[in-house]
Amino acid sequence: NPLYTKSAYHIGYEGARAGMHVRSGGGRYGIMGAVSQGMMDYQDSHLSQTERSHLSAIQMPRTVQFEGLALDLNALHEGGNRYVAIEPGMDSRMQNLFRSDVMIADAGGLGTLEEIYYFIALKQQGHPVVQNKPLVIINHAHLGKDALRLYDPLLAVLPERDRKDIFVVPDAAAAMELALKFQRGGYGLEKEQK
């Protein structure tokens, strides 16, 4: 759906503009491909700034087979700042993704839901990989402002105690605004100072 791929493209493009290291599932198509394409498009049109931002594609062997990789493996060796991590399974893939300072969940399918649940489960366990890290969920109003939003069913069954460090926003612009705020202020440090 172009509504979702435009949103994901915005995240990649603005992440590159801000000089972020963006980690994505790395798929060539759909949401993951749009994030990667947005970042690469910004880097390709701002060559003097390419060293400021980095793109990681974090995949598993099985998913590379079905989704491909957003990055051209031959170009990886030439560009120097784009790389791929092929993780052996879901646990190590999630751990690698969650090394990020801020996680953003955009529209997706079962894999995205699994990532959201994995984040929550690690929070419940007090796992250090997600300690003092936020998850921003883009809850698209894909059928209009008065209709059910994309993640409303998930949020309806998510107990308040499990919403710690979860922020729900209506669009990619709001998600990037929060990510940039956390990047400037340090999310964990900001919480400790309160």
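Side notes on the structure shown:
- For residue 6, solvent-accessible area (1.4 Å; no DNA, RNA or ligand), Å²: 150
- When each of the peptides 138-148, 115-125 is scored by how many other beta carbons lie within 10 Å of its residues on average, the order from highest to lowest is 115-125, 138-148.
- Computed with every protein chain present, the accessible area of residue 182 is close to 10 Å² [probe 1.4 Å].
- In sequence order, region 146-160 has phi-based couplings of 9, 8, 4, 8, 3, 9, 4, x, 5, 5, 5, 9, 8, x, 4 Hz under the Karplus curve 6.51 cos²θ - 1.76 cosθ + 1.60, θ = phi - 60°, and Gly or Pro positions carry x.
- Efficiency of FRET from Cβ geometry, residue 177 and residue 131, R₀ 25 Å, rounded to 0.05: 0.60
- In this simple spin-label approximation, residue 6 and residue 162 carry label points 7 Å from Cα along the Cα→Cβ vector, and these lie 3.3 nm apart.
- Accessible-area value, residue 47, 1.4 Å probe, nucleic acids and ligands omitted, Å²: 120
- Anisotropy class of region 105-194 from Cα gyration tensor, a/c 1.5 cut: oblate
- Using the Cβ-Cβ distance between residue 95 and residue 146 with R0 set to 35 Å, the FRET efficiency from 1/(1 + (r/R0)^6) comes to roughly 0.35.
- Sorting 99, 23 by accessible area puts them as 99, 23; the probe is 1.4 Å, largest comes first, and only protein heavy atoms count.
- The HN-Hα couplings worked out from phi for region 162-167 by the Karplus form 6.51 cos²θ - 1.76 cosθ + 1.60 (θ = phi - 60°) are 8, 8, 4, 6, 10, 10 Hz, whole numbers, x standing for Gly and Pro.
The values are calculated or read from the model by the stated rules, or taken from the named source; none is laboratory data. Please read these numbers as outputs of a predicted model, since none were measured by experiment. Methodologically, a virtual Cβ is constructed for each residue, glycine included, from the backbone with ideal geometry; neighbour enumeration extends over all protein chains shown. Each accessible area value is taken on the protein alone, full model and side chains, heavy atoms only, with ligands, DNA and RNA left out. Shrake-Rupley method; radii C 1.70, N 1.55, O 1.52, S 1.80 Å.
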